[in-house]
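J.: Take this structure, written in structure tokens, and hold onto it; I'll ask about it next.
The values are calculated or read from the model by the stated rules, or taken from the named source; none is laboratory data. Keep in mind the model is a prediction, meaning the values are calculated, not measured. Methodologically, a virtual Cβ is constructed for each residue, glycine included, from the backbone with ideal geometry; neighbour enumeration extends over all protein chains shown.
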Amino acid sequence: MNEIIAAGPGLSAWLILAGVLFSVGVYGVLSRRNLIAILCSVELMANAVNINLVAFSRFHGDTLGQAFALFGIALTVAEVGVGLAIVMLVYRQRQGIDIDDLHDLLG
Amino acid sequence: MNSFPWLSMIVFAPLVAAVVLLAIPTKSRTTTRIVAITSTLVSLVGSLRVAIGYLPGGGYQFREHYPIIESIGINLDLGVDGWGISLLLLTSIIIFAGAFASWTLTQRDKEFYVLLLALVCGVFGVFVSLDLFVFFLFYEIAVLPMYLLIGVWGSTKKVAEAGPFRFLFRLLDIGGKEYAAIKLTLMLLTGSAFILVGILAMYDSAGAHSFSIETLGRATYPRSLQMWVFPALWLGFGTLAGVFPFHTWSPDGHASAPTAVSMLHAGVLMKLGAFGVMRIGMVMLPQGAASWAWVVGCVAVVNIVYGALAAMRQTDLKYIVAYSSVSHMGVVMLGAATMTVEGWNGAIYQMVAHGLMTGLFFALVGLIYGQTHDREVGNMGGFAKSMPAVAVFFTIASLSSLGMPGLAGFVAEFQVFLGAWNGPMPWWALAGVLGAWLTAVYVLRAARRIFWGAGPPARFTNLSDPVGTEWVALVVLTACLILFGVAPRLILDDIDTTTVGYLDTISQTAPPQASAGVRP
Amino acid sequence: MGAWIAFLVIATVLLVGALMVVSARDLVHTVLWLALSLIATAAAYVALHADFLAAAQILLYTGGVVTLMLFAVMLTRRQSGAQVLIDRANGGLRAALLAAALLGLLVTATVRGTPKLVAPTFNVDSTQALGVTFLTRLILPFELLSLLLLAAMVGAIVLARRDGKGVKLARLAPRVVIGQPHDGGEG
Amino acid sequence: MTSTTSSADASPPPIFPLHADHLVLNLALIALLLPLACFVLLALVWPLRRAGRLAGWLSATVAVISFGASARLLMLVVGGEAPLTETVGWLVRDGKVIASMGVHIDGISASMLAVVTLVAACVQVYSLGYMAEDSLPAQGRYFTYHSLFITAMGGLVLAPNLLQLFAGWELVGLCSYLLIGFYWAKPSAGQAAVKAFWVTKFADMGLIVGLLALYGATGTFAWDAHLVGIWATAVPALLFMGVMGKSAQVPLHIWLPDAMEGPTPVSALLHAATMVAAGVYLIVRAYPLFELAPSLLLAMTWIGASTALIAAATAIVQDDIKKVLAYSTCSQLGYMIAALGSGQIMGGYFHLTTHAFFKSLLFLGAGAAIHAVHSNDIHDMGGLWKTTRISALLFITGSLALVGVPIFAGFFSKDLILEEMLEAGQYVPVAMLVLGAGLTAFYMTRVIVIAYFGDAAEGAEHAHEAPWTMLLPMGALGLLAVGAGFGGDLLATLWGQQYHFGMTPIGITTSVIGLGGIALGIMRYGTSTWTADLLGGLRGFILSGPVDRFWDSAWRQGLLPFAQVVGWFDRYIVDGLINMVAWLFIFLADRIKRFQTGRAQDYVFAVVLGVVAFIAYGMVGA
């Protein structure tokens, strides 16, 4: 026990943290109704992934993981940009951004 | 000697024209038509050249070979025999006439011609392909444009709601052109699925890693395989040939389609089906064919009589002609089912004769409908007064369809009947003869009701005979009907050589069963 | 020991923030809790010796994304005339069960399958290493990334334009009506 | 794939042999192909056709030339030219010709060709006058059809095999259809035309199956093939079915009276002299097949005799002069068939020849009368004797020939038939025929008395005699109606048979009965005092048309409803089932569609569920 404490949080600790964060994000995506709130939840999931990458990078001693995480951040930012633009579009067309109102896929 | 790629020219001239039409940004109607007709003329000239240059003695001639995917043995392998020549000629004549018959089309005419030419490229391809995969590819090219051609340019017909399936009419919009288009496409594609399975089974069983029809034709397939692949091919191709009970796309489809499309579809496309059954199904799977011949023949007999009776009941001009196609394609299938020389000669000849005849019919119906905007026979009468030439051409087409000697239909039907009489079940011939009589009944009845009787009803006062380019289709088709009716040996000799060659091969690879033999 | 304390603090803040993100009823609060989570993530990066990432996280996310989100919330709060900032849960139980199942699997997998790695003790300047990586091994993806961002920017502008052209673009997809009889003629 | 056929088909098909030095062949080809050329010319060159008169003269000239060639040909054949057959291959099978086209010239075909072209020439010349009142394009069309008819009939007569005979047979049927429907604007004409076509085509089903059976048994279409077993009877029986349609034997005679809707000269040529006799000609031609089937021959005798009697009885009550003659034609064809059935081809054929002359004369005479009063009803013609004496005289000449008054043509041929049949021991049929002869005399007398000597009808008083174009051919035929009976020797020579005319009891009996019929007719219709209605009950029955009614109900209550049922079945059952398949898929899709709620979150849920499932599977599997 002391060894573990002495060694500090290991890889699995970070992975579990990321897993919990990811699951919370999934819960948010599935349960929120407001599009912006859903986007926020997606951000949580993306963060969880990035934490994973960085953690692996740290414990493997390879900066490549960090590079990927940076890519991930950039992609997420791009996604948020486009996503919010879509939200604005939806709002303009429908005067609301409740996802329950968006069921055009229903044939 | 035959270094010039005639067959490629025939096959791809329409395709090139289609691409050219897409590429040139013209809205000129005349330019569109000139490009289209030129390409069909190129194909026609090529077909004539091939027909004349074909040396007696049979076999595939005018060979061309271009590798496509060598690893699994797919090649663009072209060549014609006597059957191919006849059907090439038929196709090029019909499309030439059909291009003229669409001259007055106004709505999206460029797209129409593009699709029509793409379709005809597929038809040509089927008749000259010696590679089963390419054969199938061309087959699909020929079938698919029909969906758009009917769905966009077609016409709609009200069908009375009745019968046990009454509730379906609103749901499916039965009678609508979209209904006709989707029905035709779905039924034919379902057939294609059967064909594809059959082809792949043959490819697999032959184990030669080649789709070459000749290679596959030399292979011997186990009887068990033949016993299920042949029916699959028969159903698949047969759907296109209008085999009962999978013929119901034909009346609706042909009735809804615009003139040139009906001409091409009934005149040529249905032949693809029959050609497939004979060339792929019967020649390559002789044992399966011999075992199933009685079914094929009996169904063909049903087609003949049933189609004729159904035609008798129709009051819509296009439906009459469409059902007559069902009946006449039955004659083709009957000839095929006999597995005799006369029967097969007759079947191929009937394809040509019926193609010309029904092409003429639909061209005339298009002319009449173009002026009356009515297809109901009961509303017509006395048209001979205002459109005498149409009456004459219609009568000639009718006479060919009922088997009047001197016209192509007789040569074909008589040979089929001869084959049937000497085939496995002589009573087929009786049914065929009965069908010919029923044809006389409904077709002359229609002719009388349309053209004879006191002058045309008041609302049809402005009718007139064809003008200008409209004559071309009628004259060309009629001339061919008479020519092939008077001098059958123009093509019959080549057909006969090919038929005998195939039947010889069959009897060598698989001794025909006693019942299906060719009696002396 | 210190590392553990840092981890636990970071984890607690992060998870509390995340949970509030998915449960807060006020949208503004949601976004603010998200900001907290993102900052906590940056702290996690620091704890993992990824200083540059932490900086990028703060700048890009907390600075950029959260601001954008707030703008979006403000711009879209009017719904049929009334101000709506309240969000309700939607099939929460179903979502919770699925998330829990996912969590269970992830944790199980982590516990079962994670190799016991020990973080290297040598202290690399991760920022420098990252820069070298980007400009050597990953030069092409790096440039592509800028293209992607450009495309996203353009896309966002096109979509969100007020003059209606963007809307038109989005409406390009044809509406297909099947089964309607049209009486068309030929010829 | 290499061909394994013999080298026989390697050589190109021979070009039609036109030997410049072969007169017989050339004459036949002139008779056959000149009208064809005329037809093609008139059919294609529409200004010429629509010019009408010119087309008529051209066509008539060609017909006359054609007759000239045939006559010369006949003389050559009489002079001892050997039979000649020239053919080209038409259908092939396995490289070998199975059917050919060409000409076969012997005594039978040459004489028939002469008869056909003679009557055709007469009728065409006659038509120049008769049709003058029709519109010019209509006249052009009329003569175009006539040219086609001569070709078709010539092809039939000169056929070297039964297949070509059949082709000609169908083509003359086509001409009949076109000419009956010549006045297509009249609904009755249209109906009569299609009826004629349908009925004869119906009978032709037998003919074509007969050909198939013949081919199946022998591999050829030759009429002198040797058949054995059941085919020896079946093939000629099937052929005879076609004959019954074409030659209007009961019960397939119903189309012939209706066929009178066509112009009268058409009735004379097609429906009296030549086309309807094609059936008789077929039997004569194919007699080697028929004589192997004794039971069929017996049936033929009875059918022929019945037709002769029934048609004659029916003719008595007709008021339409053309219908009288039409039934008379049926009746006379019955004589021929009966004769052939008794094995007497000479008698049957002889009667065919004489009948062709006098019956076409009668029709042309009737045409002159109709032309004069513009009505077909004999009661509208009363007193024509006063105004149109020449044509009346010619009509009476024809009638006397038909009745079989001695010296006139019909006497010789009818006498020969009865004589031969009596020798063959066919007593009952002979009695029927003799009775028929009496009825013939009666109805012809009735027509003559009413139409020419009866109370003057209004239209008849202002009637004009026919123009010379009509009288000239009638005169020619009149001469033949008188004199053709003496041609028996010639005909017998041609056939290599013996024929000597001699007055026999049966001939005398028939003559007496014929004269009795005439006397009875004069008594019945000539004087109004004798009012007993001999045929009161019978008249009503015959006029109601029992045979016609039978076919009509078969058509209306049999075929048409059946076709309705089939059409309905196809549209609503077969197609319905196909549509049911479509419906089934739509139904299933509707059910499956419910999974697609259209809510993005549900889709995400499904995705996550899938991911969870994958991970779980991976863990369990690992």
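J.: Take the residues of segment D:202-254 that are under 13 Å from the mean Cα position of the chain (by Cα) and charged (D, E, K, R): which is nearest to the other protein chains (Cβ to nearest Cβ)?
T.: D:D204
J.: Does any residue in segment D:300-318 that is in the same structural domain as D:L433 (by TED's automatic domain parsing) and among the polar types (S, T, N, Q) come within less than 6 Å, Cβ to Cβ, of a residue that is surrounded by 24 or more Cβ atoms within 10 Å (Cβ to Cβ) and outside any helix (DSSP H, G or I) six or more places away or on a different chain, and which pairs are these?
T.: D:T301/D:S342; D:T301/D:Q426; D:T307/D:Q249
J.: From D:A60, D:A99, which residue is hydrophobic (A, V, I, L, M, F, W, C) and modelled with pLDDT of 90 or more?
T.: Working: D:A99 fails: modelled with pLDDT of 90 or more.
Of D:A60, D:A99, the one residue that is hydrophobic (A, V, I, L, M, F, W, C) and modelled with pLDDT of 90 or more is D:A60.
J.: Sticking with this structure for a sec: Being more than 10 Å from every other protein chain (Cβ to nearest Cβ) and either surrounded by fewer than 16 Cβ atoms within 10 Å (Cβ to Cβ) or touching a residue at least 60 places away in the same chain (Cβ under 8 Å) (or both), is that true of even one residue in segment C:14-24?
T.: Yes.
J.: Return yes when D:D602 is within 14 Å of chain A (Cβ to nearest Cβ) and surrounded by 13 or more Cβ atoms within 10 Å (Cβ to Cβ) and no when it is not. Walk me through it before giving the result.
T.: Values: within 14 Å of chain A (Cβ to nearest Cβ): yes; surrounded by 13 or more Cβ atoms within 10 Å (Cβ to Cβ): yes.
In short, yes.
J.: Of the residues B:V128, B:V159, B:V134, B:V114, which is touching an Asp or Glu at 6+ places or on another chain (Cβ under 9 Å), in contact (Cβ under 8 Å) with a residue 24 or more places away in the chain and either farther than 21 Å from B:L356 by Cα or surrounded by fewer than 23 Cβ atoms within 10 Å (Cβ to Cβ) (or both)? First the steps, then the outcome.
T.: Details: B:V128 fails: either farther than 21 Å from B:L356 by Cα or surrounded by fewer than 23 Cβ atoms within 10 Å (Cβ to Cβ) (or both); B:V159 fails: in contact (Cβ under 8 Å) with a residue 24 or more places away in the chain; B:V114 fails: touching an Asp or Glu at 6+ places or on another chain (Cβ under 9 Å).
When all the criteria are applied, what remains is B:V134.
J.: Counting only residues that are more than 8 Å from every other protein chain (Cβ to nearest Cβ) and either touching a Phe, Trp or Tyr at 6+ places or on another chain (Cβ under 7 Å) or aromatic (F, W, Y) (or both), how many does segment B:421-441 have?
T.: Here is the first cut: in segment B:421-441, the residues more than 8 Å from every other protein chain (Cβ to nearest Cβ) are B:423-425, B:427-428, B:431-432, B:435, B:438-439.
Subsequent filtering for residues that are either touching a Phe, Trp or Tyr at 6+ places or on another chain (Cβ under 7 Å) or aromatic (F, W, Y) (or both) retains B:424-425, B:427-428, B:432.
Qualifying residue count, segment B:421-441: 5.
J.: From the set of residues in segment C:43-52 that are at the interface with another protein chain (Cβ under 7 Å from one of its Cβ atoms) and more than 17 Å from the chain's Cα centre (by Cα), which is surrounded by the most Cβ atoms within 10 Å (Cβ to Cβ)?
T.: So the first thing to find is which residues in segment C:43-52 are at the interface with another protein chain (Cβ under 7 Å from one of its Cβ atoms), and the list is C:44-45, C:48-50.
Narrowing further to those that are more than 17 Å from the chain's Cα centre (by Cα): C:48-50.
Working: C:L48: 27, C:H49: 19, C:A50: 29.
Residue satisfying both the conditions and the ranking: C:A50.
J.: Does at least one position in segment D:237-250 carry a residue that is over 26 Å from D:D552 (Cβ atoms) and not in a helix (DSSP H, G or I)?
T.: If we filter segment D:237-250 for residues that are over 26 Å from D:D552 (Cβ atoms), which is where we start, we get D:237, D:239.
Checking the rest, the ones that are also not in a helix (DSSP H, G or I) come to none.
The answer is no; no qualifying residue exists.
J.: If you take just the helices (runs of 4 or more DSSP H) that sit entirely in segment D:258-331, which of them hold at least 2 residues that are more than 19 Å from the chain's Cα centre (by Cα) and either farther than 24 Å from D:T117 by Cβ or aliphatic (A, V, I, L, M) (or both)? Outline the logic, then answer.
T.: Working: elements: D:264-268, D:278-285, D:287-290, D:294-316.
In segment D:258-331, D:287-290, D:294-316 are the helices (runs of 4 or more DSSP H) which contain 2 or more residues that are more than 19 Å from the chain's Cα centre (by Cα) and either farther than 24 Å from D:T117 by Cβ or aliphatic (A, V, I, L, M) (or both).
J.: Something else about it: May I ask you to list the residues in segment A:47-56 that are among the small types (G, A, S) and either at the interface with chain C (Cβ under 7 Å from one of its Cβ atoms) or surrounded by fewer than 23 Cβ atoms within 10 Å (Cβ to Cβ) (or both)?
T.: A:A55
J.: Further, regarding this structure: Give C:A55, C:A3, C:A24, C:A40 a once-over and let me know the one that is under 17 Å from A:P9 (Cβ atoms) and over 15 Å from the mean Cα position of the chain (by Cα).
T.: Details: C:A55 fails: under 17 Å from A:P9 (Cβ atoms); C:A24 fails: under 17 Å from A:P9 (Cβ atoms); C:A40 fails: over 15 Å from the mean Cα position of the chain (by Cα).
Checking each option against the conditions leaves just C:A3.
J.: Restricting segment B:271-305 to residues that are within 19 Å of the chain's Cα centre (by Cα) and not hydrophobic (A, V, I, L, M, F, W, C), which is nearest to B:Q350 (Cα to Cα)?
T.: Checking each candidate, the answer is B:K271.
J.: If B:G432 passes every condition in (1) within 23 Å of B:G485 (Cβ to Cβ); (2) surrounded by fewer than 24 Cβ atoms within 10 Å (Cβ to Cβ) but one, which one does it miss?
T.: (2)
J.: Do the conditions hold for B:I304, that is, is it away from chain D (no Cβ under 13 Å), in a helix (DSSP H, G or I) and buried (at least 24 other Cβ atoms within 10 Å of the Cβ)? Steps first, please.
T.: Details: away from chain D (no Cβ under 13 Å): no; in a helix (DSSP H, G or I): yes; buried (at least 24 other Cβ atoms within 10 Å of the Cβ): yes.
So B:I304 does not fit the description; no.
J.: From the list B:L483, B:L399, B:L474, B:L444, which one is surrounded by fewer than 22 Cβ atoms within 10 Å (Cβ to Cβ) and in a helix (DSSP H, G or I)? Quick ask: steps written out before the conclusion?
T.: Details: B:L399 fails: surrounded by fewer than 22 Cβ atoms within 10 Å (Cβ to Cβ); B:L474 fails: surrounded by fewer than 22 Cβ atoms within 10 Å (Cβ to Cβ); B:L444 fails: surrounded by fewer than 22 Cβ atoms within 10 Å (Cβ to Cβ).
Answer to the check: B:L483.
J.: Condition first: small (G, A, S) and either part of a helix (DSSP H, G or I) or within 17 Å of B:L269 (Cα to Cα) (or both). Now tell me which residues in segment B:95-128 satisfy that. Outline the logic, then answer.
T.: Here is the first cut: in segment B:95-128, the residues small (G, A, S) are B:97-99, B:101-102, B:118, B:122, B:125.
Within segment B:95-128, B:A97, B:G98, B:A99, B:A101, B:A118, B:G122, B:G125 meet the criteria.
J.: Against the condition among the aromatic types (F, W, Y), buried (at least 24 other Cβ atoms within 10 Å of the Cβ) and over 19 Å from B:S86 (Cα atoms), how does B:W249 come out, does it pass? It would help to see each step written out before you state the result.
T.: Values: among the aromatic types (F, W, Y): yes; buried (at least 24 other Cβ atoms within 10 Å of the Cβ): yes; over 19 Å from B:S86 (Cα atoms): yes.
It is true that B:W249 is among the aromatic types (F, W, Y), buried (at least 24 other Cβ atoms within 10 Å of the Cβ) and over 19 Å from B:S86 (Cα atoms).
J.: Failed condition for B:D504, given (1) over 21 Å from D:L163 (Cα atoms); (2) surrounded by fewer than 20 Cβ atoms within 10 Å (Cβ to Cβ); (3) more than 9 Å from chain D (Cβ to nearest Cβ), with all others met?
T.: If we test B:D504 against (1) over 21 Å from D:L163 (Cα atoms); (2) surrounded by fewer than 20 Cβ atoms within 10 Å (Cβ to Cβ); (3) more than 9 Å from chain D (Cβ to nearest Cβ), just (3) comes out false.
J.: Then there is this: Of everything in segment D:64-83, what is surrounded by fewer than 19 Cβ atoms within 10 Å (Cβ to Cβ), in contact (Cβ under 8 Å) with a residue 40 or more places away in the chain and either over 25 Å from the mean Cα position of the chain (by Cα) or under 30 Å from B:T497 (Cα atoms) (or both)? Give them in sequence order.
T.: The initial filter retains those residues of segment D:64-83 that are surrounded by fewer than 19 Cβ atoms within 10 Å (Cβ to Cβ), namely D:64-65, D:68, D:71-72, D:75-76, D:78-83.
Checking the rest, the ones that are also in contact (Cβ under 8 Å) with a residue 40 or more places away in the chain come to D:64, D:71-72, D:76, D:78, D:81.
Listed by number, the residues that qualify are D:R72, D:L76, D:V78, D:E81.
J.: Something else: In segment D:126-141, what residues are in a helix (DSSP H, G or I) and either out of contact with any helix residue (DSSP H, G or I) (no Cβ under 6 Å at 6 or more places or on another chain) or without any contact (Cβ under 8 Å) to a residue 40 or more places away in the chain (or both)?
T.: In the first step, residues of segment D:126-141 are kept if they are in a helix (DSSP H, G or I); the result is D:126-133, D:136-141.
Selection gives D:A132, D:E133, D:L136, D:A138, D:R141.
J.: Oh, and also: Out of D:A616, D:A554, D:A563, D:A582, which single residue is out of contact with any strand residue (DSSP E or B) (no Cβ under 7 Å at 6 or more places or on another chain), at pLDDT 85 or above, of a type in the set (A, V, I, L, M, F, W, C) and loosely packed, with under 13 Cβ neighbours inside 10 Å? I'd like the intermediate steps shown before the answer.
T.: Numbers: D:A616 fails: loosely packed, with under 13 Cβ neighbours inside 10 Å; D:A563 fails: loosely packed, with under 13 Cβ neighbours inside 10 Å; D:A582 fails: loosely packed, with under 13 Cβ neighbours inside 10 Å.
Result: D:A554 is the single residue among D:A616, D:A554, D:A563, D:A582 that is out of contact with any strand residue (DSSP E or B) (no Cβ under 7 Å at 6 or more places or on another chain), at pLDDT 85 or above, of a type in the set (A, V, I, L, M, F, W, C) and loosely packed, with under 13 Cβ neighbours inside 10 Å.
J.: Go through segment B:63-94 and give me each residue that's part of a strand (DSSP E or B) and in contact with a Gly (Cβ under 6 Å, 6 or more places away or on another chain). Spell out the reasoning first.
T.: Taking segment B:63-94 first, the residues part of a strand (DSSP E or B) are B:63-69, B:74-80.
The answer is B:R63, and nothing else.
J.: If C:D125 satisfies all but one of (1) at the interface with chain A (Cβ under 8 Å from one of its Cβ atoms); (2) at pLDDT 65 or above, what's the number of the condition it fails?
T.: (1)
J.: Restricting to segment B:150-181, what's the tally of residues that are part of a helix (DSSP H, G or I), away from chain D (no Cβ under 12 Å) and of a type outside the set (A, V, I, L, M)?
T.: So the count comes out to 4.
J.: Name the residue, out of D:K195, D:K186, that is out of contact with any Leu (no Cβ under 8 Å at 6 or more places or on another chain), modelled with pLDDT under 90 and not polar (S, T, N, Q).
T.: On the way: D:K195 fails: modelled with pLDDT under 90.
Of D:K195, D:K186, the one residue that is out of contact with any Leu (no Cβ under 8 Å at 6 or more places or on another chain), modelled with pLDDT under 90 and not polar (S, T, N, Q) is D:K186.
J.: Same structure again: Return the total of residues in segment B:175-201 being over 27 Å from D:Y572 (Cβ atoms) and modelled with pLDDT under 90.
T.: 0
J.: Could you list, in sequence order, all residues of segment D:567-607 that are aliphatic (A, V, I, L, M) and closer than 14 Å to B:H247 by Cα? Before the answer, list the steps.
T.: Restricting attention to segment D:567-607, the residues satisfying the condition of being aliphatic (A, V, I, L, M) are D:573-574, D:577-578, D:580-582, D:584, D:586, D:588-589, D:592, D:600, D:604, D:606-607.
Within segment D:567-607, D:I573, D:V574, D:L577, D:I578 qualify.
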